[in-house]
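Worksheet for the structure shown next.
Since every read-out is calculated from the coordinates, none of them should be taken as a lab result. Because the structure is predicted, anything quoted here is derived from the model rather than measured. Note: ideal-geometry Cβ built from the backbone for every residue, glycine included; neighbour counts use all protein chains shown.
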Amino acid sequence: MRVDRAGTNRDGRWLGLYVLAYLVFLYLPVLLIPLFSFNDSIQAAFPLQGFTLQWYETLYGNPALSGALVNSLVIATVAASGATLCGITVSYMDLYGRSPLAATISAIARLPILIPGVIVGISLLILINLIGLGPSRIAIVLGHILVALPTTVVVMRSRFAAIPRTVREAALDLGASDWTTFRRVMLPLSLPAVLSAFMLAFLISFDEFIVVFFLAGTEPTLPLYIWSQLRFPRSLPTVMALGTVILATSFIIAGTAEILRHRGLGATRRNPA
Amino acid sequence: MSALVAAQAPKARSSSGFRLAMLLPGALVTFLLILFALGLVLFLAFRGNDGSLLGVGLTVDNFVTVATDPLYWTVTLRSLVIAGLVTLATVATAYPVAYYLAFHAGRRRGLLLFLVTLPFWTSYLLRVFAWKIVLAYNGVLNSALIESGIWSEPTLAFLNTPAAVVVTLAHAYAPFAILPIYVALDTIPKSLLEAASDLGARPFTAFRRVVLPNSMPGVLAAALVVFVPTVGDYVTPAMVGGPASTMIGTLIQSQFGKANDWPFGAALSVCVMLVILVVVLVARNADRRFGSRT
Amino acid sequence: MTFHLTSITGHKARAGLAALALALSSTVALAAEKLQYFTWSGYELPDFNKSFLAAHPDGVEASIFGDDDDAFTKVKAGFRPDIAHPCYDKVARWNKEGLLQPIDTKRIKNWDSIFPVFKNLPDLQAGDGKVWMVPWDWGNTSILYRTDLVKNPEASWNLLWDKQYAGRMATIDAVHDTPIVAALLAGVNPFDMTPEQMDKVAAKLREQRPLLSSYTTDMTSVEQALASGQLVAAMTWNASATSLKKQGVPVEFMNPKEGMLTWACGFVMLKDAKNVDLAYDFINSRLDADSGKYLIQSYGYGSSLSTAFAGVTKEELEKLQLPSDPEVMLKSTIFTGPMKQNDDVAKMFEKVKAGG
């Protein structure tokens, strides 16, 4: 419904132009990466020096690179799972636990958002040294759970809060235990939020650099690998090629997810449950 | 009511098992990781430095140095200003996009959201590096300006300046700003807008007095998400900022690296966290008084 | 949007937990049999230790650092590789923390082929035929400048303080580079200074700050900026000179009258190294003449082995501006040894960089 059809259509057009300009601003630097990954020169500068696929060839069979990529994926998956699990439990107990302990945990869980990454990195570095763990992938997972926790808690909390209380009360009235209520009523209702919290936590971990910088042992993650290569002039185009591959892959994955979602919505519209 | 209570009483035992299982993961992470890590930093801040991991003795010297040396005030202020500018730029440029998404995008909403978040999938480091290429002496921006005849010579004023930091971070945090504002705008009931127009409000008045205040929680969330990481960032200023953009995060990181004074770094960290807390509380307060109606 | 009240079924949850457990177990490092080598980015190339890889295929795992101060932070905080690759001026600092164990030179095959000027460095000696570090590579730091944009500069480090080129110069963000140069220009001994002398160095550094485009160790950006003309002069290592000349950029690696800076780096063995024998094999493999020759030809850095230079022609060495005997070099350059007040100078440098 529109407030005023004529007015907002005019606004809509100007706004639409702005959004277009904004998208150009968003994509212009990003598109330079694929551009220079095909450029036949070590330097990322104009004029372009000719087309080449050699940088992509160096990506092939580069064990350090594939190792870093696998590390990033594993760490992000584990950290996102941990953060989402904690996010679900913490926010659920905060809303329905009726205990000061749950409220305290929820408040503390959202603290890390105030802590700059360098402090997280250092304090965890000291912590893992004290418990004898040392810089390693497990350390990075712990660090990323800490960093992603506020996000998952906030996402799950707002979702749980949006479910009407009557739904839960009805389940309990009908004789369901707390566990069954949680498992068969509240959680399924919040599944989109769970997925969204997981995705956000995954992204946060996959792209995170500062904490990894302090906590990485012998197995670097992708950002750390890219950073170590960027300091080495010869590797710049290869890193650009890597960035292009990542961009293309995520485009395909996200695009597919979008198409599937549309199909799913279309199916629901055709067959209302 | 009593039936409800009676129905709940026999479940007491399974309920407490449930409570334990649910509280456990959160308690572990918050107490063992977060509180312990914070406590460690606080502890280290009061130690003297002898090059060892946890320092020696107990002293307030570190805090005295932070308080009395004007450099740290200057750099903290600079960090707050730059972070403030980044937040302002990011949120101000993101708001119209979120507005468009909520009120004008219609069927194309999903596609737009997809397009807006996609650049975020490349590595952050590469995006910053891409901005170096754009802003460089022989980069895209300079070349374009020369081609179009606006300038005859490339300028050095783009890269290695605080302005470069602002632009780069406004770009990097765009999706973080757009999404919370969009979500807040989306939850404004259309009935409010209809009521406003029914009562004779013109579109801009409706925006100013209905939409804007009700979207404040989203704007505040976006501002926080951008502001806090920016204050402590040292990677972006190091790559595109130049010496004039040295921020407090750089100074903290160097205490744990080159300068090899961990206790002092911890003290600086504690002070920075306090400053951030104060800023956040002030912003929250202002929002409650002047902003949201929810 | 319709909600489907399907439950999270038991077996889905169990499958999820199993996957999580699998992923978690994969995070436990299986590093027992491989040699852990902690080194500069670019020094982990397998071509440097071919004979080691022939005897122990896939036997080394490298972790990378960008700066040996970062490396020190990590190791101090509990990271335990077998071998690390810091530079000579930091050996004393690593040792003071009790991080190292001495290396027995009798087990190093080519120890005698190492240039005496490196073998006899004071901080290396652990007594009893043992050393704290086995030198492997050395190189020079100086000003790399555009010959077409900087006309006939005086051969002096003062170029980096020249107001004419304000905003178009860069310097290395490291304690053992820029502050040493500032000390030289201020007439102070960089390796042992009084607090008053340190103030003089600080003043000199403050003078330079407004003229600089950046303090950096990111040689990629420096080279690109020199090539594009954004920078006209920068402090770099000699590998950058080689690289830009190969690309046809008109640059020159200056020979300043105060002297270039020469650095030397090498292998140290960490105290709790798990694979000591593998470590010796690795070091020996790196001290093959081939390895040294590859270092010279691919990066333009010097090898600590005199035999490595034998395989490189005079013309190549001239192009790389590398003499075949570092003793000759060191007669006219400043060798980067340990700075007694390293930590204080580092603190001062950080403050000056931030504007204080």
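Among B:Thr117, B:Thr236, B:Thr250, the largest mean-square fluctuation in a Gaussian network model of chain B, built with springs joining Cα atoms closer than 10 Å, belongs to B:Thr117. According to the calculation over all Cα-Cα pairs in chain C, the P(r) per 20 Å bin from zero is 27, 52, 16, 5, 0 %.
Net charge dipole, the protein assembly as shown: roughly 4040 debye, given to the nearest 20, about the Cα centre with Cβ charges of +1 for Lys and Arg and -1 for Asp and Glu.
Computed from Cα atoms alone, the Kirkwood hydrodynamic radius reported for the stretch C:242-284 is 14.7 Å.
Computed from Cα atoms, the angle from the helix C:10-26 axis to the main principal axis of chain C rounds to 40 degrees. Peptides A:118-130, C:107-119, C:289-301 ranked from most to least packed by the mean count of surrounding Cβ atoms within 10 Å: A:118-130, C:289-301, C:107-119.
Within chain B, which DSSP H helices have Cα atoms that stretch 24 Å or more along the helix axis and a mean Kyte-Doolittle hydropathy of at least 1.0?
Span-like helices, by this rule, are B:70-103, B:212-231, B:262-286.
Per-residue packing, averaged as other Cβ atoms within 10 Å, sorts the ranges C:273-282, B:147-156 into the order C:273-282, B:147-156, beginning with the highest. Remark: mean inter-chain Cβ contacts per residue of C:127-135 equal 0, using a 10 Å Cβ-Cβ cutoff to other protein chain atoms.
For the cross-link pairs C:Lys151/C:Lys257; C:Lys163/C:Lys245; B:Lys258/C:Lys74; B:Lys132/C:Lys353; C:Lys34/C:Lys119, the ones whose C-alpha atoms lie over 19 Å apart are C:Lys163/C:Lys245; B:Lys132/C:Lys353; C:Lys34/C:Lys119. Using the Cα gyration tensor of the stretch B:70-291, with a ≥ b ≥ c the square roots of its eigenvalues, what is the shape: rounded (a/c below 1.5), prolate (a/b larger than b/c) or oblate (neither)? It comes out oblate by the Cα gyration axes. With respect to the cross-link table entries C:Lys109/C:Lys130; C:Lys109/C:Lys314; C:Lys204/C:Lys340, which display a Cα-Cα separation exceeding 22 Å? Over 22 Å Cα-Cα: C:Lys109/C:Lys314. For the stretch C:67-134, what does the alpha-carbon gyration tensor say about shape, rounded, prolate or oblate, given a ≥ b ≥ c as the root eigenvalues, a/c under 1.5 as rounded, and a/b over b/c as prolate? It is prolate, given that a/c is not under 1.5 and a/b is the larger ratio. Ignoring aspartates and glutamates fewer than eight residues from C:Lys106 along the same chain, the ones with Cα atoms less than 16 angstrom from its Cα are C:Asp128, C:Asp277, C:Asp281, C:Asp288.
Rounded to the nearest whole angstrom, the semi-axes of the ellipsoid equivalent to the protein assembly as shown, taken from the Cα gyration tensor as √(5λ), stand at 51, 33, 27, largest first.
Sorting the Cα pairs of the stretch A:63-236 by distance into bins of 10 Å, from 0 upward, gives 10, 33, 29, 17, 8, 2, 0 percent per bin.
Only Lys, Arg, Asp and Glu carry charge here, each on its Cβ (+1 for the first two, -1 for the last two); on that basis the stretch A:63-236 has a dipole of about 120 debye about its Cα centre. Report note on the peptides A:214-220, B:239-245: ranked by the mean count of other C-beta atoms within 10 Å, highest first, their order is A:214-220, B:239-245. Bridging of C:Lys347 to aspartates and glutamates at a Cα separation below 16 Å is possible for B:Asp50, B:Asp61, B:Asp69, B:Asp261, C:Asp69, C:Asp70, C:Asp173, C:Asp177, C:Asp192, C:Glu196, C:Asp199, once same-chain residues fewer than 8 apart are set aside. Mean partner shielding of peptide A:18-24, defined as the number of other chain Cβ atoms within 10 Å of each residue Cβ, is 4.
Tilt of helix C:342-354 relative to the longest C-alpha principal axis of chain C, in degrees (0 to 90, nearest 10)? Orientation of helix C:342-354: about 80 degrees from the principal axis. Shielding value for C:75-83 is 6, the average number of Cβ atoms from other chains within 10 Å of each residue's Cβ.
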